[in-house]
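The values are calculated or read from the model by the stated rules, or taken from the named source; none is laboratory data. Being a predicted model, the structure only gives us computed values, none of them experimental. For neighbour counting, all protein chains shown are included, and Cβ atoms are generated from backbone atoms with ideal geometry for every residue, glycine included. With ligands, DNA and RNA removed, areas are computed over all heavy atoms of the protein, side chains included. Shrake-Rupley method; radii C 1.70, N 1.55, O 1.52, S 1.80 Å.
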Amino acid sequence: MTTVHQVVGATASRLFPGAEYVAITKGAPDRLIEWSASEQTPDSVVDLSEVRRTDWQQRVDSMANDGLRVLGIAWRPLEKLPEKVGPEIERELELIGLIGILDPARPEAKVAVERACEAGIRTIMITGDHVLTAEAIARDLGIIRETDKAITGSELDDLSADELERAARQTSCFARVSPAHKLRLVQVLQNQNNIVAMTGDGVNDAPALKQADIGVAMGITGADVSKGASEMILTDDNFRSIVAAIEEGRAIYDNIKKFIKYMLSSNVGEILVMFVALLIHLPIPLLAIQILWINLVTDGLPAIALGFEPAEKGVMRRRPRPTNESIFAGGAGIHIVLVGVLIAILTLISYVWGYSTIGLDGFEPSLGLEQLDRQSVAELAGAEAVPAAWDDWSADARVAFLGANESEAAGFLEEHEGVKDPGRRLLAQAERIPRTIAFTVLAFTQMFQVVAIHAGDRTTFWQAGFKGNPLMFWAVLSTFALQLIVIYMPFFQSLFDTAALGLTHVVASVAAGILVLFFVEIEKLFFRRFLKLDASATAPATT
């Protein structure tokens with residue numbers, strides 16, 4: 001930058017003797033050394049020889065090696081105020097001195113770079129500073145090794161396309177670059193299938209910020225143009241915030257994936273229960289209001305709690321996901337199918353078993369009620385639902401009364417005077433216990449499934465527990481309590497058409513849920529081994 005001043009006053013005349021106007025230039029010291037013809041010493045002004053140029057450059061390099069940002073200061077006298085200012089005003093200068101500015105990286109920046117590297121994120125420094133200053137800071141932050149060198153903008157201009165591709169892969173520090181160089185580097189990195197986040201604060205950074213997949217502007221020091229060209233604005237101008245955002249993003253993605261796995265596998269199980277029951281000629285296992293209850297409460301509370309899961313252990317040591325990776329990758333799709341089928345099998349088995357525990361056969365249209373005496377049927381369906389003449393009827397008459405179809409029921413009523421209606425209500429009453437068992441097993445298996453899922457694919461429930469998310473504990477506990485209320489409170493029994501279950505039925509329902517928990521844990525062990533989902537593996541910095 002060059003400014004023109006009129007020499008006024010004794011102090012200015014002493015500093016710039018014999019000049020009416022002066023042009024004062026500050027900027028890159030190597031450029032000013034090149035453009036200067038003389039230098040100002042404590043005693044006088046002398047010509048700037050090649051030896052002295054070398055001395056000045058060595059001083060610049062020494063200051064830059066110490067991590068200082070170095071500015072050169074020079075001036076030249078002007079006979080009059082120039083009508084037009086051009087590059088010639090920055091030639092034939094008189095070199096005054098150097099200014100070293102200590103602008104160290106924030107202490108937390110080095111830790112953030114290390115965490116980014118562990119996460120498979122490569123940090124590249126692209127700066128207009130002196131090459132040695134850039135190298136010193138980059139080494140201090142761990143961006144480059146001690147033996148690595150930075151590439152300057154002038155060197156980039158001399159590289160062929162293939163050489164530039166190779167430099168972008170192998171070099172993580174670029175110095176003395178122009179805005180055009182920044183834009184070109186972003187494009188090359190994108191051509192190598194990298195997702196590029198570019199930080200910047202100046203107007204000249206806007207093209208590179210716009211080109212990058214994620215432009216990140218500085219909220220404090222950033223220009224409005226750079227903010228407008230960016231997708232993200234750092235309110236604290238801290239690189240650590242970018243790394244923290246990546247960690248939070250990975251945690252959010254994990255929670256979305258857990259939610260999808262839980263909801264889809266639960267819904268697949270519900271659909272299969274209803275569909276398979278119709279195929280094998282079982283009575284409908286669940287009523288519409290019971291399915292609504294499961295979707296509203298059993299799926300609702302734990303699903304909400306999944307949104308509050310903290311980041312899993314080792315989330316920042318994972319390899320970055322490919323951009324085209326499906327949400328069902330990593331075994332999620334297989335989990336949805338397998339767990340959905342398992343939930344359906346356990347629910348149907350418990351449904352059939354529920355009939356057998358009360359002496360009935362769910363595969364018979366009459367449920368086998370015709371084989372029972374009146375007292376046994378009354379215990380299942382209530383005495384008011386069983387005709388007084390039940391014990392006097394033949395098995396065929398009982399089946400006809402139970403109403404296998406409308407014509408049989410009508411014929412039975414014609415033959416038996418005093419019987420007001422067929423026994424379909426009796427069948428419905430007899431189905432309440434098996435249906436309540438299936439209803440409870442479906443709810444409990446989903447609860448134990450979400451308990452296993454919330455720990456993540458890389459950690460078992462026994463390791464994670466509920467320590468990181470107590471809300472999940474209360475959501476599961478509340479759902480268990482609500483399910484028991486629906487089963488045992490008379491008002492809800494009539495509303496949801498449920499029946500009180502015995503201890504054996506409840507224990508069996510819990511056992512079915514625990515079986516799902518163990519299945520999911522074994523599944524996670526399998527995927528960790530064969531898909532190498534290891535939380536302790538450090539990802540290489542390739543992105």
Q | Matching residues, segment 83-124, being touching a Phe, Trp or Tyr at 6+ places or on another chain (Cβ under 7 Å) and within 30 Å of GLY249 (Cβ to Cβ) | A | ALA109, ALA112
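For segment 200-217, give me each residue that is surrounded by 16 or more Cβ atoms within 10 Å (Cβ to Cβ), in contact with a strand residue (DSSP E or B) (Cβ under 6 Å, 6 or more places away or on another chain) and not in a loop (DSSP other than H, G, I, E, B). Spell out how you get there, then give the answer.
Residues of segment 200-217 that are surrounded by 16 or more Cβ atoms within 10 Å (Cβ to Cβ), as a first pass: 200-202, 204-212, 215-217.
Right, trim to in contact with a strand residue (DSSP E or B) (Cβ under 6 Å, 6 or more places away or on another chain) and you get 201, 208-209, 212, 215-217.
Result: ALA208, LEU209, GLY215, VAL216, ALA217.
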**Q.** Sole exception among (1) in contact with a His (Cβ under 7 Å, 6 or more places away or on another chain); (2) not in a helix (DSSP H, G or I) for ILE144, by number
**A.** (1)
Q.
Among the residues of segment 51-71, are any buried (at least 18 other Cβ atoms within 10 Å of the Cβ) and more than 22 Å from VAL131 (Cβ to Cβ)?
A. no
Q. Filtering segment 434-488 down to residues that are at pLDDT 90 or above and among the hydroxyl-bearing types (Ser, Thr, Tyr), which residue is farthest from SER266 (Cα to Cα)?
A. TYR488
Q) touching a residue at least 60 places away in the same chain (Cβ under 8 Å) and closer than 24 Å to ALA245 by Cα - does that describe any residue in segment 135-150? A) yes
Q. Being within 26 Å of LEU209 (Cβ to Cβ), open to solvent by 30 Å² or more (accessible area, probe 1.4 Å) and either among the basic types (Lys, Arg) or not in a helix (DSSP H, G or I) (or both), is that true of even one residue in segment 93-101?
A. yes
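Looking only at residues in segment 153-182 that are part of a helix (DSSP H, G or I) and among the basic types (Lys, Arg), which one is most open to solvent (accessible area, probe 1.4 Å)? Spell out how you get there, then give the answer.
Taking segment 153-182 and keeping what is part of a helix (DSSP H, G or I), we get 153-157, 161-170, 179-182.
Pick out the ones that are also among the basic types (Lys, Arg) and you get 166, 169, 182.
Numbers: ARG166: 116, ARG169: 143, LYS182: 34 Å².
The extreme case among them is ARG169.
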(Q) Looking at segment 334-373 only, could you name the residues that are in contact (Cβ under 8 Å) with a residue 24 or more places away in the chain and on the phi > 0 side of the Ramachandran plot? (A) LEU367
Q.
I'd like to know if segment 467-484 contains one or more residues that are in contact with an Asp or Glu (Cβ under 6 Å, 6 or more places away or on another chain), within 30 Å of ARG318 (Cβ to Cβ) and open to solvent by 20 Å² or more (accessible area, probe 1.4 Å).
A. no
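I'd like the full set of residues that are open to solvent by 30 Å² or more (accessible area, probe 1.4 Å) and not in a helix (DSSP H, G or I), limited to segment 33-50. Don't jump to the end; show me each part of the working.
Going residue by residue through segment 33-50, those that are open to solvent by 30 Å² or more (accessible area, probe 1.4 Å) are 34-35, 37, 40-47, 49-50.
Once the filter is applied, which keeps residues that are open to solvent by 30 Å² or more (accessible area, probe 1.4 Å) and not in a helix (DSSP H, G or I), segment 33-50 yields ALA37, GLN40, THR41, PRO42, ASP43, SER44, VAL45, VAL46, ASP47, SER49.
For the condition among the β-branched types (Val, Ile, Thr) and out of contact with any strand residue (DSSP E or B) (no Cβ under 7 Å at 6 or more places or on another chain), what is the one hit in THR41, THR2, THR25? First the steps, then the outcome.
On the way: THR2 fails: out of contact with any strand residue (DSSP E or B) (no Cβ under 7 Å at 6 or more places or on another chain); THR25 fails: out of contact with any strand residue (DSSP E or B) (no Cβ under 7 Å at 6 or more places or on another chain).
Residue meeting the stated conditions: THR41.
What do you reckon, is ALA136 among the small types (Gly, Ala, Ser), under 22 Å from ALA105 (Cα atoms) and under 31 Å from the mean Cα position of the chain (by Cα)?
Details: among the small types (Gly, Ala, Ser): yes; under 22 Å from ALA105 (Cα atoms): yes; under 31 Å from the mean Cα position of the chain (by Cα): no.
It is false that ALA136 is among the small types (Gly, Ala, Ser), under 22 Å from ALA105 (Cα atoms) and under 31 Å from the mean Cα position of the chain (by Cα).
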Q.
For segment 303-339, which positions are open to solvent by less than 20 Å² (accessible area, probe 1.4 Å), of a type in the set (Val, Ile, Thr) and under 16 Å from the mean Cα position of the chain (by Cα)?
A. VAL315
(Q) Anything in segment 224-249 that is under 25 Å from ARG319 (Cβ atoms) and either over 19 Å from the mean Cα position of the chain (by Cα) or open to solvent by 40 Å² or more (accessible area, probe 1.4 Å) (or both)? List them, or say none. (A) GLU231, MET232, PHE239, ARG240, ALA244, ALA245, ILE246, GLU247, GLU248
Q) Failed condition for ALA138, given (1) assigned to a loop (DSSP other than H, G, I, E, B); (2) closer than 22 Å to LEU102 by Cα; (3) open to solvent by less than 50 Å² (accessible area, probe 1.4 Å), with all others met? A) (1)
Q: Please enumerate the residues belonging to segment 265-290 that are open to solvent by less than 70 Å² (accessible area, probe 1.4 Å) and either polar (S, T, N, Q) or over 20 Å from GLY354 (Cβ atoms) (or both).
A: SER265, SER266, ASN267, VAL268, GLN290
Q: Say whether the condition of being open to solvent by less than 30 Å² (accessible area, probe 1.4 Å), more than 23 Å from GLU163 (Cα to Cα) and in a loop (DSSP other than H, G, I, E, B) is met by at least one residue in segment 183-199.
A: no
Q: Give the residue that is nearest to ILE437 (Cα to Cα), with candidates limited to residues of segment 457-466 that are touching an Asp or Glu at 6+ places or on another chain (Cβ under 9 Å) and among the polar types (S, T, N, Q).
A: THR460
Q. Across segment 291-302, which residue is nearest to GLY362 (Cα to Cα) among those that are surrounded by fewer than 20 Cβ atoms within 10 Å (Cβ to Cβ) and touching a helix residue (DSSP H, G or I) at 6+ places or on another chain (Cβ under 7 Å)?
A. ILE291
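Given the criteria within 22 Å of VAL70 (Cα to Cα), open to solvent by less than 20 Å² (accessible area, probe 1.4 Å) and of a type in the set (A, V, I, L, M, F, W, C), does ALA150 qualify? So that I can check it myself, show each step before the final result.
Numbers: within 22 Å of VAL70 (Cα to Cα): yes; open to solvent by less than 20 Å² (accessible area, probe 1.4 Å): yes; of a type in the set (A, V, I, L, M, F, W, C): yes.
When the stated conditions are applied, ALA150 passes them.
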**Q.** Residues being surrounded by 15 or more Cβ atoms within 10 Å (Cβ to Cβ) and in a loop (DSSP other than H, G, I, E, B) - total across segment 1-32
**A.** 4
